[in-house]
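The values are calculated or read from the model by the stated rules, or taken from the named source; none is laboratory data. Remember, predicted model here, so these are calculated numbers, not experimental data. Glycine gets a Cβ as well: all are built from the backbone with ideal geometry, and neighbour counts include every protein chain shown.
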Number of protein chains: 2
Amino acid sequence: MNFTIDREVLLDKLNIISHGLPTKTPMKVMEGIMIDATSEDLFLTASNSDISIQILVKDSSLVIQEGGKTVVPGKTFIDLIKAFDSRKITLFLIEDKMLMLKADRKEYRINIMDPLDYPDIKFISLENPFKINCYDLKRAIEETVFACANTTKSPMLLGVNLKNNANKLILTATNSYRLSLKTLDVETYDPFDITIPAKSLDELEKVLEAYDESLPLELYISKNKILVKFNDVLFQTRLLDGNFPDTSNVCPKEKDIKVVVRFNKDELQTAVNRISILSPVEKDKDREMTFAAVLLKIDQNFEVELSSANIQGAGKETIIPIDIKAYNPLMIGFSSKYLVEALKVLPGNEIEISFIDGSKQFVLKSVSDNSLVEIILPFRLDN
Amino acid sequence: MNFTIDREVLLDKLNIISHGLPTKTPMKVMEGIMIDATSEDLFLTASNSDISIQILVKDSSLVIQEGGKTVVPGKTFIDLIKAFDSRKITLFLIEDKMLMLKADRKEYRINIMDPLDYPDIKFISLENPFKINCYDLKRAIEETVFACANTTKSPMLLGVNLKNNANKLILTATNSYRLSLKTLDVETYDPFDITIPAKSLDELEKVLEAYDESLPLELYISKNKILVKFNDVLFQTRLLDGNFPDTSNVCPKEKDIKVVVRFNKDELQTAVNRISILSPVEKDKDREMTFAAVLLKIDQNFEVELSSANIQGAGKETIIPIDIKAYNPLMIGFSSKYLVEALKVLPGNEIEISFIDGSKQFVLKSVSDNSLVEIILPFRLDN
């Protein structure tokens, strides 16, 4: 193996590849990046227990003198390419023991691993893609993935469910105390119902950050894997194995809604952040995280009040909503974290919250965009 | 107690006060900020085992309706004032049990602590100040404090020594493997020789960040404390108790210097950072930190080469110095961390390194400014 390439081009590709490296692995060789140079093409591959990424490096600066295959320690290799400040860099194998990196007055040798020890990674065959653009997928991930569970108690809730229905793609994420539901217009496609690990989606989102929002993505789906292809990148992840719970009855029916309040989003967010400073913060056994409980009250005069109290003190503030339709007074307690996280992803300046009563789940939507629905289960209030 | 003040003014003062709060303390009341309002003046005080800070709040927006004294939980109080978005805020005591914070449509009550439980903090009397300006002190701290020890093995090395000599102020910090020595022109003053805890200097530096560089500071020194006064702030810290080691013989004598090399600072720094990627990183029993060892060689042709080698590979690069005066070839190994940290504080673009030989301490100075001297002890090279 012997090739020369622009350092920045190589670094760009390695930044993508790094998202496929394992954080911890008992198999040393998996910490490596496979470099595979044929006489014409250069492939980089990394893989962990969830994700495999392969990139075909195409660039006018790439000159392959000699093909070859090797595995280099991933982190060290990336650190070095990052630290080089030369425009071009030459990489070649010495006696199949070391990879030499050479540029200007610098010579770095890295001890390599045996490519025969590297597992054979099977990518799904590239037939019959489901098409979606980069912006749509990235935004849909962002708007749902935070709502996933983060304990292994309910393994299926560790992922986002993707289901298509005619020309709609529906993404659902929940930890069973809150739910995020996103609907997207797509082209019709064979029906699928898959659940992608949240961690893989986090990495995919980071990888897509570097790309133009209009970039078309091709998704290939098999029984237990999904492959996302764009430009010369293959990003493949395993799927969660099992049935995602049916959440179709979580969204309250229109007729049950008794209170609808419109808020300025930023104003509500600031108030909830402030009131949660004096919230009781507890680690509930049944809940998977620490939460700060805040109380929202709507009285007979339809004034909206937020309040909280803990050992250090108590807070109370009145919020003037943009609009309110209330048929009943309301008192409801919920996690400020869930509310703030929902507000963070809802687009637009105005949001609408719909309540049934103080004991039932409530719904948040943007006034200007109804493709995203956020649902939060309240705390039980003991009086 | 009952007063009204501009929120931003109060927050600015609290940001300073926060540097005096303890991170951990068995005494609950010490987590508090003492608020002391006389009919005309408002004082804020915080204190931990090292530092005490007191601020006299003077502002045209301050209106004291009623004096009083209380202690509020520091972190919660600051978090709330930060989170308020009102221009003005009113604070008053309710039945000596709670402090009420009121603004617009917000009402927050904080449970207070008994001011009688708060220790009586003695500040040094404000007589006979040693004067220095903010920029000079801030820069001198920055240039020395990083070189202090961070283990309690040698307690005196946990601080920076300040000594005056005629119209010179000399700051010395060392962990016994590297040393930073700063000399400043000052007005003559009674001789002192004190060692200030590095942690206190870190906090002082952060506090001074908010101030204009031309701000005059007044230093008051007692046997075991130093008080820094500026504007309406008193920043007092304990001193380290003991004799700082004599380091006067650490700086090599001119006649012993055998190799002098001038480098472009950024170029050397980049090269050392890069070469240290393939350095052996070890936690030495005798040394207090992990270090990455790099090797610098100057051969008969006076070429300068940096190299390193670890289990993952080896690196080598030639650096072209701006100038070199060498009477002997040289091979010296040292901690890349120490070199990079020294380069970071040395001013200007060009630096000069003076070597005796491969086993003796070497000296780094800026070519344009000789007020700062950095000295590093090499590793023992086993051949």
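Data table
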read-out	value
Test result for B:ILE110, surrounded by 15 or more Cβ atoms within 10 Å (Cβ to Cβ), assigned by TED's automatic domain parsing to the domain that holds B:LEU21 and not small (Gly, Ala, Ser)	yes
Cross-chain or 6+ apart pairs with Cβ under 6 Å, segment A:88-104 first and without any contact (Cβ under 8 Å) to a residue 12 or more places away in the chain, then loosely packed, with under 15 Cβ neighbours inside 10 Å	A:MET100/A:ILE94
Leading residue by the ranking (farthest from B:LEU377 (Cα to Cα)) among those in segment B:205-249 that are of a type in the set (Gly, Ala, Ser) and out of contact with any Asp or Glu (no Cβ under 8 Å at 6 or more places or on another chain)	B:SER214
All positions within segment A:319-332 that are under 17 Å from A:SER276 (Cβ atoms) and touching a Gly at 6+ places or on another chain (Cβ under 8 Å)	A:ILE332
Residues being closer than 15 Å to A:GLY333 by Cα and either among the basic types (Lys, Arg) or assigned to a strand (DSSP E or B) (or both) - total across segment A:291-313	15
Candidates A:THR237, A:THR183, filtered to the one that is surrounded by fewer than 19 Cβ atoms within 10 Å (Cβ to Cβ), outside any loop (DSSP other than H, G, I, E, B) and of a type in the set (Ser, Thr, Tyr)	A:THR183
Matching residues, segment A:278-320, being at pLDDT 95 or above and either exposed (fewer than 14 other Cβ atoms within 10 Å of the Cβ) or not aliphatic (A, V, I, L, M) (or both)	A:LYS297, A:GLU305, A:SER307, A:SER308, A:GLY313, A:GLY315, A:LYS316, A:GLU317, A:THR318
Any hit, segment A:147-163, residues being within 14 Å of another protein chain (Cβ to nearest Cβ), in contact with an Asp or Glu (Cβ under 6 Å, 6 or more places away or on another chain) and in a strand (DSSP E or B)	no
Of residues in segment B:126-155 being among the charged types (D, E, K, R) and in contact (Cβ under 8 Å) with a residue 40 or more places away in the chain, the one surrounded by the most Cβ atoms within 10 Å (Cβ to Cβ)	B:GLU143
Restricting segment B:337-348 to residues that are in contact (Cβ under 8 Å) with a residue 40 or more places away in the chain and part of a loop (DSSP other than H, G, I, E, B), the residue that is farthest from B:LEU372 (Cα to Cα)	B:GLY348
Test result for A:PHE123, surrounded by 15 or more Cβ atoms within 10 Å (Cβ to Cβ), more than 14 Å from chain B (Cβ to nearest Cβ) and in a loop (DSSP other than H, G, I, E, B)	yes
In segment B:84-103, residue farthest from B:THR70 (Cα to Cα) [restricted to those that are surrounded by fewer than 19 Cβ atoms within 10 Å (Cβ to Cβ) and facing chain A (nearest Cβ under 8 Å)]	B:ASP85
Lone unmet requirement of (1) touching a Lys or Arg at 6+ places or on another chain (Cβ under 8 Å); (2) among the hydrophobic types (A, V, I, L, M, F, W, C); (3) within 19 Å of B:ASP96 (Cα to Cα) for B:VAL57	(3)
Pair list, Cβ under 6 Å, 6 or more apart: segment B:56-75 residue not assigned by TED's automatic domain parsing to the domain that holds B:ILE17, other residue surrounded by 18 or more Cβ atoms within 10 Å (Cβ to Cβ) and assigned to a loop (DSSP other than H, G, I, E, B)	none
Scan of segment A:302-336 for residues that are in contact with a helix residue (DSSP H, G or I) (Cβ under 8 Å, 6 or more places away or on another chain) and in contact (Cβ under 8 Å) with a residue 60 or more places away in the chain, ordered by number	A:SER336
Conditions (1) within 16 Å of A:LEU377 (Cα to Cα); (2) not in a strand (DSSP E or B); number of the one not met by A:SER276	(1)
Test: B:GLU205 is assigned to a strand (DSSP E or B), outside the structural domain of B:ILE51 (by TED's automatic domain parsing), surrounded by fewer than 19 Cβ atoms within 10 Å (Cβ to Cβ) and at pLDDT 95 or above	no
Within segment A:67-83, considering residues that are in contact with a helix residue (DSSP H, G or I) (Cβ under 7 Å, 6 or more places away or on another chain) and of a type in the set (A, V, I, L, M), the one nearest to the other protein chains (Cβ to nearest Cβ)	A:ALA83
Residue match in segment B:45-66 (condition: within 14 Å of A:ILE277 (Cβ to Cβ) and either buried (at least 22 other Cβ atoms within 10 Å of the Cβ) or more than 9 Å from every other protein chain (Cβ to nearest Cβ) (or both))	no
Filter pass, B:ASP323 being surrounded by fewer than 16 Cβ atoms within 10 Å (Cβ to Cβ), of a type outside the set (Gly, Ala, Ser) and at pLDDT 95 or above	yes
Test for B:ALA210: is it touching a residue at least 24 places away in the same chain (Cβ under 8 Å), under 15 Å from the mean Cα position of the chain (by Cα) and exposed (fewer than 14 other Cβ atoms within 10 Å of the Cβ)	yes
Verdict on B:ILE194 being over 23 Å from B:SER366 (Cα atoms), outside any helix (DSSP H, G or I) and touching a Ser or Thr at 6+ places or on another chain (Cβ under 8 Å)	no
